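Here's the structure, in structure tokens; my notes come after.
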Amino acid sequence: MKARLLTMTAMLSVVAISGAQLHLQRNFLTAGKDVYMFLPPEFVCGPTVKNVFWSQDGKHLAVERELVESPLEESPEYLLGLKEANSDPEEQILVYSMVTHKVTMPISFKKSAGQIFSVDWIAGSSSMLVEAMMDPPTAVDAQSTLAIVTPTGKINNVRRFSGAVAHEVLPSPYKSVALILERPPIGRQGGAPAADVTVAQQAVDKNPISSRPTMRFFGLDGVVSEPITLPTRSCIPHWSNDGRLYVMSMVREPGAKQLKKSWYTVDIQGLKLTESTAPKDFAGFGATTNPTLMLENLSAKVSIKKLGVAVPSVVVTGIPAKENELTVVSTDGDAGQLSPQVNGVAYRAQGTLMVRQMVKVSLEAYLRAKNAALKQEAMMNAKQAALAALMYSGDYDDNMLAAGPNWKAQLEPYIKNMNVLDGFTYTFAGGNSTQIQDPANTQIGYSEGPGGKAVAYADGHVKWIPNP
């Protein structure tokens, strides 16, 4: 916690002293009354990143990576044909901690020895649910294994699945429990669940128990419960915001045009189903909303319109999105993911995985940093304008530039970035600099800023003068 506070203080200080060189748009986001500070990018791992999974509490980031190791081209063994390029990549799961900023690698094996199917998190813990096939892909009776894996690499196998039974593993977003939904094949021929609910229900009617899907539950101990048999072949589970589990059952009765839907609550401890109404928070299966912020992965074509750069970019906006409420997380980045707790953004940049942590700051702190940055920007712009005026004078026999409609064009050869003159007002009437009696107190122009202006003087120095 102390490290984070020190980082926040340093970040605000950098914004205050670096002015235009560090854009506020890249480090702060105002969304309504909330202000978020984006800390500098942190490197997580190199290529090739396949998938990224945030934990629900935003404290951990799981990374599925495929590592291909090839010998260097200048290797004598490789050049002489004594050593071949490694065509067997390594499957890895890395875990990045948002608290310790460290990366661990709990799982690693050659792709020829297995394959990772899915990675998820168990709520309220730092343990993952990993399903992988640890048998060679060519094995006749290859089975997948569901395991609980800790960041330190401790593995607790939960269940093995054969290819004959379709299954889903759905951890609760709110409790340290997960369900296993298994759908046995219809009839003796096996196969995937029927697309036609009527056909599926007819199979259920002929064999009301063995053809119906079942649900089992397990927690961090990995102990799997006895099964609950669901009422129909087509059932979809749903975890509600209050932590309870619901099941929606669907049947198309003969001659009916619409599906008949029924809802049930699930007693996980008692392994019972009770008819109920749909949960109040149900907005559709797969529907997710973040009431605060939204992340956008911009293509190069869209990025050049919004940001003026022709590269893929990652931005975060408020909801609803407003023109002045946008933060550029990365230019030349893609595949961005916002943490569920809005405390970080993970994204890929040139094949590597990067993370920018987010910290909610007070509006007062943000405004102080913003005003300090704008003040420093005005000081820097006025300084560059003053130095340009002095260089102009040196090239024209010490004659100072006179204020007029073309003063910017006359200073252009002495300014690298003409944008610094956009907020500068040149006021000197002209004359020879050698005849100025008190250059240190002779104003030649100013740049306005928050609560005052940066005044440039004939000797080149700049002074901040508050508004009266």
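The values are calculated or read from the model by the stated rules, or taken from the named source; none is laboratory data. As the structure is a prediction and not an experimental result, all values here were calculated from the model. In this analysis, Cβ positions are derived from the backbone assuming ideal geometry, glycine residues included, and neighbour counts consider all displayed protein chains.
Which residue is surrounded by the most Cβ atoms within 10 Å (Cβ to Cβ), if the candidates are limited to the stretch 343-371 and must be in contact with a helix residue (DSSP H, G or I) (Cβ under 8 Å, 6 or more places away or on another chain) and within 30 Å of residue 466 (Cβ to Cβ)? The qualifying residue surrounded by the most Cβ atoms within 10 Å (Cβ to Cβ) is 369.
Of the residues making up the stretch 376-412, those that are more than 18 Å from residue 443 (Cβ to Cβ), out of contact with any helix residue (DSSP H, G or I) (no Cβ under 8 Å at 6 or more places or on another chain) and either basic (Lys, Arg) or assigned to a helix (DSSP H, G or I) (or both) are 394, 395, 409.
Considering only residues in the stretch 105-131 that are without any contact (Cβ under 8 Å) to a residue 60 or more places away in the chain and within 14 Å of residue 153 (Cα to Cα), the one that is surrounded by the most Cβ atoms within 10 Å (Cβ to Cβ) turns out to be 130.
Let's see how each residue does on (1) assigned to a loop (DSSP other than H, G, I, E, B); (2) surrounded by 17 or more Cβ atoms within 10 Å (Cβ to Cβ); (3) of a type in the set (S, T, N, Q):
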| position | (1), (2), (3) |
| --- | --- |
| 301 | no, no, no |
| 304 | no, no, no |
| 316 | no, yes, no |
| 330 | no, yes, yes |
| 335 | no, no, no |
| 341 | yes, no, yes |
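Residue 420 falls short on exactly one of the conditions (1) assigned to a helix (DSSP H, G or I); (2) over 27 Å from residue 367 (Cα atoms), and that condition is (2).
Within the stretch 169-195, residues that are closer than 18 Å to residue 243 by Cβ and at pLDDT 50 or above sit with their Cβ atoms under 6 Å from residues that are of a type in the set (A, V, I, L, M) and part of a loop (DSSP other than H, G, I, E, B), at 6+ positions apart or across chains, in these pairs: 171/122; 172/123; 173/123; 174/123; 175/123; 176/122; 176/123; 176/220.
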